[in-house]
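The values are calculated or read from the model by the stated rules, or taken from the named source; none is laboratory data. Fair warning: this is a prediction, and the values are worked out from it, not measured in the lab. For accessibility, only protein heavy atoms count, side chains too; no ligands or nucleic acids. Shrake-Rupley method; radii C 1.70, N 1.55, O 1.52, S 1.80 Å.
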Amino acid sequence: LNNQQGLSLLEVLMALVVVFLALLGFAGYSVVAQTGMTASAKMTRAVTLAQEKLEDVRRDGVPNSLTNTWIHTEPYGSIAGANHHQRTLTIQPHTPIPGLHTVTVEVRWDQDAHTTSLKTYLNN
């Protein structure tokens with residue numbers, strides 16, 4: 001009359017192990033995703049910093065008295081809101097032709113582990 005069957009302790013433990021392993025796998029993916037998002041945010045910030053500096057130079061113009069290559073570096077910790085970034089502005093006057101100036105902004109982050117740069121040409 002009494003034909004009921006339940007789960008044994010071994011079956012319950014095996015089910016818990018399978019669930020634990022699945023959750024552990026998802027946790028690994030979460031760490032990878034977080035690392036990727038952090039790297040992406042730093043790269044986006046670097047490109048934004050480079051673009052901002054190019055816009056500043058475009059707005060202010062290149063000094064007429066500039067005859068040699070001019071380099072200015074903003075060290076790590078000196079850029080508001082970007083403590084992990086360093087920015088270097090390079091202006092090469094009359095390059096590639098007279099009256100045209102090459103303006104390059106290079107941004108480094110994570111103690112020079114990564115870098116990106118933007119370049120444009122301006123005339124006076």
In the range 1-111 the accessible area split gives carbon plus sulfur, as whole percent at 1.4 Å, a share of 63
How large is ³J(HN,Hα) for each residue in the range 88-105, as worked out from phi by the Karplus curve 6.51 cos²θ - 1.76 cosθ + 1.60 (θ = phi - 60°), to whole Hz, x for Gly and Pro?
-> 10, 9, 10, 10, 10, x, 6, 10, x, 9, x, x, 10, 10, 8, 10, 10, 10
Quick one: check the C-alpha center-to-center distance for the range 62-124 versus the range 6-36, whole angstrom.
-> 50
Treating the angle as unsigned and between 0 and 90°, give the value, to the nearest 10°, between the Cα long axis of helix 9-60 and the longest Cα principal axis of the chain.
-> 10
Computed ³J(HN,Hα) along the range 119-124: with the Karplus parameters 6.51/-1.76/1.60, θ = phi - 60°, integer Hz and x for glycine or proline, the list is 9, 8, 10, 10, 10, 8
Probe 1.4 Å, all protein chains in place: accessible area of Phe26 in Å², nearest 10?
-> 140
Per residue, in Å², the accessible surface of the chain once ligands and nucleic acids are set aside, probe 1.4 Å | 71
